[in-house]
Amino acid sequence: MAFFVCKNCGYGSASWYGKCPDCGGWNTLVDKPEFNKNPSKKSESTRKITITPFNKITSKNQARIKTGLYELDRVLGSGFVPGEVILLTGEPGIGKSTLILQALKNINVLYISGEESGEQVKSRADRLKINLDKFLFSNDLQVEGIIESVSTLEVKPEVIAIDSIQTIYSKSIEGAASGVSQLKEVTKLLVNFAKTNNLTVILIGHITKGGEIAGPKTVEHFVDCVLAFEGEKISNYRLIRASKNRFGSTDEIGIFEMTPSGLKEVTNPLVFLENEKNLIAGKSVIGVTEGQRSLFFEIQTLVVPTALAVPRRVVKGLDFNKVQLLLAVVTKFLNLPLDRFDIYVNVIGGVTIKNTASDLGLIASLISSFKNTPLPKNTIFTGEVGLQGEVRKAVAEEKIITEARRLGFKKIFSSKMMKNIKELKTLI
Ligand code: TYD
Ligand code: MG
């Protein structure tokens with residue numbers, strides 16, 4: 001039976017299509033594909049496996065390579081590990097190339113760019129006042145060529161940075177660069193090269209807002225660390241977090257601010273709070289812990305009567321489904337007729353909070369907007385809310401409370417203060 005496979009994304013089908021139903025590429029389905037990566041192993045005889053007791057295996061405790069950007073090093077787990085492969089993802093224009101230049105300025109690097117010319121990289125470095133003496137540069141994008149050329153270098157770089165993985169291709173795969181088959185092959189070759197030569201490889205990958213399925217996500221399982229560089233382009237704050245980290249934790253976040261002279265590290269835990277004198281209805285301050293430190297954010301909620309049969313729900317900076325769930329809890333346990341209101345939720349500063357400790361503060365801001373009454377000054381909220389409206393302890397609640405007191409917050413609403421969100425209604 002004939003079998004057709006898309007040379008771009010690997011989609012398989014018994015019938016031929018002019019347009020691949022999966023990736024949308026035209027004329028990419030081919031018969032009897034030559035790039036079958038799983039040749040039959042039928043001819044291989046059964047082999048005995050080697051079994052080694054763990055007390056005969058020594059762990060490698062290698063020195064880390066510090067970038068000098070503490071916010072990044074902390075997320076990585078005190079710097080890179082030689083041989084580590086890192087995928088740095090983010091939307092175009094968020095600042096990935098800038099971050100790489102700043103992070104690698106003191107390290108011997110081979111920077112391969114398929115996006116910019118050497119002149120462009122140089123002029124950006126000049127603007128950032130970064131000396132590129134330790135950088136080697138190439139615009140050549142064939143992965144086999146890159147590997148061979150680096151192998152023959154007398155002084156090997158410590159880090160190879162590839163900007164971006166979508167522009168690199170392997171000669172052994174037919175499809176265009178950035179196709180899934182190409183991305184997988186290129187990544188596999190580079191991972192193998194990194195491990196055998198003890199070099200760190202950083203792969204930059206563009207993703208779009210929705211997280212684009214057929215892109216860098218398909219290679220996440222090959223790499224050691226996946227970093228997401230996030231933020232709204234209109235806001236200057238950028239967050240970096242690891243969604244996977246074989247050599248460190250995934251709890252830490254790093255915060256940067258994009259300035260005309262590059263990315264600046266942000267250490268102030270109150271940086272996301274607006275310093276307004278007038279109290280505004282619908283605004284609450286929440287405390288969460290991200291790894292080692294406590295951070296404070298402002299949530300703003302607007303509740304307005306709806307003119308629609310199905311009211312609008314717009315959420316920025318929090319998980320949409322979680323907010324929906326909390327709205328249901330509020331409707332049931334606080335008896336608020338939310339189905340007659342449009343609700344808009346926003347986290348100030350263009351950041352995304354992925355922490356359940358924000359639940360209580362979101363509900364407080366909702367009630368505050370609903371009643372058109374500002375929350376008291378110097379108040380923070382921290383706590384997870386369950387489906388019965390019960391307030392649960394936030395992760396590292398004690399730490400958040402101590403830090404909040406130190407920073408001058410007077411009223412701290414947490415699971416210590418209240419057991420159910422019903423108690424909020426009387427407070428506001
Ligand atoms: P860039 O690192 O090129 O983004 P990416 O590699 O993720 O596509 O950064 C793009 C934006 O950052 C660009 O719109 C301009 C801004 N920027 C600054 O604001 N200050 C700076 O010092 C630099 C280098 C860039
Ligand atoms: Mg770039």
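Got the relative contact order for the chain handy, in percent, Cα pairs under 8 Å and 6 or more residues apart?
Relative contact order of the chain: 13 percent.
Trypsin sites (Lys or Arg not before Pro), restricted to segment 103-182: which are DSSP loop and have at most 11 other Cβ atoms within 10 Å?
129, 171
Roughly what % of DSSP beta bridges within the chain run antiparallel, to the nearest 5?
Taking every DSSP beta bridge within the chain, about 55 percent pair in antiparallel fashion.
If amide hydrogens are placed 1.01 Å from N in the peptide plane, which non-local residues have theirs closer than 5 Å to the one on residue 420?
Hits under the 5 Å cutoff: 391.
Among bridges DSSP assigns within segment 64-265, what percent are antiparallel (round to 5)?
Within segment 64-265, antiparallel bridges account for around 40 percent of the total.
Alpha carbon centre of segment 3-31 versus segment 68-94: separation in Å?
With segment 3-31 and segment 68-94 each reduced to a Cα centre, they are spaced 36 Å.
Could you order 140, 31 by accessible surface area, starting with the largest, using a probe radius of 1.4 Å?
140, 31
Of the cross-linked pairs 56/188; 354/393; 105/156, which ones have a Cα-Cα span greater than 18 Å in the structure shown?
56/188
Any aspartates and glutamates with Cα under 18 Å of the residue 322 Cα? List them, leaving off those in the same chain fewer than 8 positions away.
Within reach: 298, 339, 342, 359, 384, 390.
Of the trypsin sites (Lys or Arg not before Pro) in segment 218-250, which ones lie in a loop per DSSP and count no more than 14 other C-beta atoms within 10 Å?
233, 246
Using a simple charge model, +1 on the beta-carbon of Lys and Arg, -1 on the beta-carbon of Asp and Glu, nothing else, what dipole does segment 64-265 show about its Cα centre, in debye to the nearest 20?
Here the size comes out at about 300 debye.
Rank 298, 257 by accessible area, highest first, at a 1.4 Å probe radius?
Correct descending sequence by accessible area is 257, 298.
Name the residue farthest towards the positive end of the dipole of segment 283-427 from the options 341, 323, 426, assuming +1 on Cβ of Lys and Arg, -1 on Cβ of Asp and Glu, about the Cα centre.
426
In whole Å, largest first, what are the principal axis extents of the Cα atoms in segment 314-371?
Each principal axis gives a Cα extent; for segment 314-371 these are 30, 18, 18 Å.
Show me, for segment 108-114, the HN-Hα J-couplings you get by feeding each phi into the Karplus relation (A = 6.51, B = -1.76, C = 1.60, θ = phi - 60°), rounded to Hz, glycine and proline as x.
The phi angles translate into 6, 10, 9, 9, 10, 10, x Hz.
Please identify the DSSP H helices in the chain that span no less than 15 Å along the helix axis (Cα) and have a mean Kyte-Doolittle hydropathy of -1.0 or more.
Answer set is 180-197, 320-333, 359-371.
Which of the cysteines found in the chain have nothing to pair with, since no other Cys Cβ lies under 4.7 Å from theirs?
Result for the chain is 225, no neighbouring Cys Cβ within the cutoff.
Give me the aspartates and glutamates in straight-line cross-link reach of residue 134: C-alpha distance below 15 Å, same-chain residues under 8 apart excluded.
List returned: 126, 154, 158.
The values are calculated or read from the model by the stated rules, or taken from the named source; none is laboratory data. Since we're looking at a predicted model, the values are computed, not measured. Quick reminder, even Gly has a Cβ in these numbers, built from the backbone with ideal geometry, and neighbours come from all protein chains shown. The protein model used for the area step is the full one, side chains on, heavy atoms only, and it has no ligands, DNA or RNA in it. Shrake-Rupley method; radii C 1.70, N 1.55, O 1.52, S 1.80 Å.
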